[in-house]
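Chemist: My structure is below; once you've seen it, I'll send some questions.
Throughout, read-outs are computed from the coordinates displayed, never taken from laboratory work. No experiment lies behind these values; they were computed from the predicted model shown. Counting neighbours? That spans all protein chains shown, and the Cβs are built from the backbone with ideal geometry, glycine included.
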Amino acid sequence: MMRFFAVALLTTLFFSPSAALAATVRVALVTSEPQATVTAYTPIIVEVGEETLVIDGPVTVVATAERFLVDGRPWPVNEVTLSTDELPLRFQGRSYRGEMRIVRNGRELAVVNHVDLEDYVAGVIGVEMSPTWPLESLKAQAVASRSYVAVQMTRPRGADWDVCATVASQVYRGLERESGLVRQAVTETGGIVALYNGAVAETFFHSSAGGRTSTLSEAWNGKDRPYLVSTVADHEGGAPFVRWRVGLSGSHIREQLAKRGIRVGAIRSINPSKFTKSGRVATLRIVHDRGEIKMSAGRFREMIGQTTLRSSRFSVSRKKGQFVFVGNGFGHGVGMSQFSARGMALKGATFDEIVTHFYAGVSLEPLDPSVHLMAEGSPVVAAQ
């Protein structure tokens, strides 16, 4: 009785009318595991080789050097597809719409969620923003996330997937953080993307800019895009890292650099040697007792930890044997500041006003894959 009630409740909560746009995103949930177990509230349909199996219960797939083991039975194949008639599949404690394709690469496997574009966007918004934020900010995030993934689909990260489910792309957790507002944001912006000169814009976003956003070339070694300009990001009140401070010992910094193959002596000083136009540190000069080195602030952040040094908008001083970094904002600073979007929405801005504020010169139109999905510029790996 309880199982029937749970199934009925899930059907009511998780399945909505057909999405506005029929497009499928291939999301890698994991990429190098020896095995995977998928569960569901109803029997799982397993397509393997030329056969279709229906398994009532968890399905465990194990990769070996030459084949898959599906619930212990060997199959000389490189791909297995799992689906259900209606309810979501569960993997590693999370529920996902769509189907799971498990792909073998030697003794490792990847679990790839094939999901409708609009359902994918719903699975991103509530993780990348709070699902309780103002509707117009969630709608702005929906447009940004939809546009971003549309561009990534033109240059997939692997032969079997378009994007990852982590910050390497944008964070996606299926049904975990959906809310009524999230689904409303997806529905009310159904299929809408940001276009620049007829192509989908690569709409990067971040948590908070600390006052002003950055250009693409300031954050990474890439060609600037005309819609990713440095612009004011005010209304960031309430952002947890509008201003932050962290103290690090010289020995800790040396250890982190050494992990990346950069060996230095005892560090005497760390000073910015160059700034970007938006006020971020571009290059650092590190003086140690064996000499000195220079490196980009972005690379330094990556080595130290991007949740430790939350942005490259910082100053550094030495106090009581530590190097003290005081900074503003969280993330790479390119594109839309999410906390600023929230603040703008609280002050009455609509989603289109938010989007066009952070992506200069774009227009918002329904996505036509046959026309708009043209790769633009060189790929950029977006570190936080």
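Chemist: Using the count of nearby Cβ atoms within 10 Å as a rough guide to exposure, how do Val77, Val193, Val54 rank from fewest to most?
Modeler: The most exposed by this proxy come first: Val54, Val77, Val193.
Chemist: Determine, from the Cβ-Cβ distance of Asp56 and Gln184 and an R0 of 56 Å, the FRET efficiency 1/(1 + (r/R0)^6), rounded to the nearest 0.05.
Modeler: Values: r = 35 Å, r/R0 = 0.63.
Given R0 = 56 Å and the Cβ-Cβ separation, E is 0.95.
Chemist: With Cβ to Cβ distances under 10 Å as the rule, what net charge do the other residues near Lys294 carry (K, R +1; D, E -1)?
Modeler: Values: positive: Lys274, Arg285; negative: Glu292.
Overall, the nearby charge balance is +1.
Chemist: I'd like to compare 23-32, 41-50: which one has the highest average count of other Cβ atoms within 10 Å, and what's the full order after that?
Modeler: 23-32, 41-50
Chemist: Continuing with the same structure: If neighbour count is taken as other Cβ atoms inside 10 Å, put Ile262, Ile267 in order from fewest to most.
Modeler: Ile262, Ile267
Chemist: Only helical DSSP H runs with n ≥ 4 go in: add -39500 (n - 2.57) per run for the chain, normalise by residue count and round the 222 nm mean residue ellipticity to 500 deg cm²/dmol.
Modeler: Estimated from H runs of four or more residues: -7000 deg cm²/dmol.
Chemist: Related question: Cross-link candidates for Lys277: which aspartates and glutamates have Cα within less than 14 Å, leaving aside residues fewer than 8 places away along the same chain?
Modeler: Leaving aside aspartates and glutamates fewer than 8 places away in the same chain, those within reach of Lys277 are Glu218, Asp224.
Chemist: Measure nothing fancy, just the Cα-based angle from helix 117-128's long axis to the longest principal axis of the chain, in degrees from 0 to 90, nearest 10.
Modeler: Roughly 40 degrees, rounded to the nearest 10.
Chemist: Compute the separation of the alpha-carbon centres of segment 96-140 and segment 45-67 and state it in Å as a whole number.
Modeler: 23 Å
Chemist: Now a separate question. Can you tell me the Rg and the Dmax, both Å, for the Cα atoms in the chain?
Modeler: Values for the chain (Cα only, Rg and Dmax): 23.0, 73 Å.
Chemist: Here is a further query. Relative to the longest principal Cα axis of the chain, at what angle does helix 2-14 sit, 0 to 90 degrees, rounded to 10?
Modeler: That works out to roughly 60 degrees.
Chemist: Kirkwood Rh, Cα Rg: Rg to Rh for segment 253-320?
Modeler: Here the Rg-to-Rh quotient is 0.94.
Chemist: Please work out how much length the chain gains when fully extended from Lys259 to Thr24, using 0.36 nm per residue of separation minus the C-alpha to C-alpha distance, in nm with one decimal.
Modeler: This chain segment gains 80.7 nm when fully extended.
Chemist: Helix 135-152 against the longest principal axis of the chain: what's the angle in degrees, Cα atoms only, rounded to the nearest 10?
Modeler: On a 0 to 90 degree scale, this one is about 80.
Chemist: I want to verify a result. In a Gaussian network model of the chain, Cα cutoff 10 Å, which of these has the top mean-square fluctuation: Ser137, Ser207, Ser363?
Modeler: Ser363
Chemist: I would also like to ask the following. Between Thr39 and Thr166, what is the spin-label point distance in nm, taking each point 7 Å from the Cα along the Cα→C-beta axis?
Modeler: Between Thr39 and Thr166, the simple spin-label model gives 2.4 nm.
Chemist: Could you list, in their original order, any pairs among Lys139/Lys274; Lys223/Lys294; Lys294/Lys319; Lys139/Lys347; Lys223/Lys347; Lys259/Lys320 whose Cα atoms are separated by more than 27 Å?
Modeler: In this structure, Lys139/Lys274; Lys223/Lys347 exceed 27 Å between Cα atoms.
Chemist: Then there's this: Output the peptides 324-334, 270-280, 290-300 sorted from most to least packed, where packing is the average of other Cβ atoms within 10 Å over each peptide's residues.
Modeler: 324-334, 270-280, 290-300
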